[in-house]
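Worksheet: one structure, shown below.
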Amino acid sequence: QVQLVESGGGLVQPGGSLRLSCGASGSIFRIDDMDWYRQAPGKQRDLVASITRGGSTSYGDSVRGRFTISRDNAKNTVYLQMNSLKPEDTAVYYCKARITRIRYGPNTPYWGQGTQVTVSS
């Protein structure tokens, strides 16, 4: 059994900051890419940021320069530091991780349950 649990969401004023965390637990041999996605009401789920096991990062155009993704491999945790937040950043934020549970086993994507981020005055 593997679980991803997000935390850190909430209500913040425009221009403010939040830091999201997502920890993986359970039977884990290796975690490769870890991603943050978001989904606003009535819209598709979009990729926000990605980080490889070695620390290489990539960002969506709408968040580049404002958001920073990082990870702690020892803690099986990925973070998303969100600065200069805008109302259009309002969404449910999900983490995803590609996890191998046993040596030579399959690399499988797992999702967290999501955390709400609301940017409003």
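The values are calculated or read from the model by the stated rules, or taken from the named source; none is laboratory data. This one's a predicted model, so the numbers in the text were calculated from it and none came from an experiment. So basically every Cβ, Gly included, is an ideal-geometry build from the backbone, and we count neighbours across all protein chains shown.
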What is the one condition in (1) within 17 Å of residue 108 (Cα to Cα); (2) among the polar types (S, T, N, Q); (3) modelled with pLDDT of 95 or more; (4) surrounded by fewer than 18 Cβ atoms within 10 Å (Cβ to Cβ) that residue 50 does not satisfy?
-> (4)
Here the residues within segment 111-121 that are out of contact with any Lys or Arg (no Cβ under 7 Å at 6 or more places or on another chain) and surrounded by 13 or more Cβ atoms within 10 Å (Cβ to Cβ) are 112, 114, 115, 117, 118
Based on what the data block shows, is residue 38 outside any loop (DSSP other than H, G, I, E, B), modelled with pLDDT of 95 or more and among the basic types (Lys, Arg)?
-> yes
Segment 70-107, residues that are free of Cβ contacts under 8 Å to residues at least 12 places away in the same chain and either within 16 Å of the chain's Cα centre (by Cα) or closer than 20 Å to residue 57 by Cα (or both) | 72, 74
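Quick one: which of 25, 58 is among the small types (Gly, Ala, Ser) and either more than 18 Å from residue 3 (Cβ to Cβ) or part of a loop (DSSP other than H, G, I, E, B) (or both)? Lay out the reasoning, then the answer.
Values: 25 fails: either more than 18 Å from residue 3 (Cβ to Cβ) or part of a loop (DSSP other than H, G, I, E, B) (or both).
On inspection, the qualifying residue turns out to be 58.
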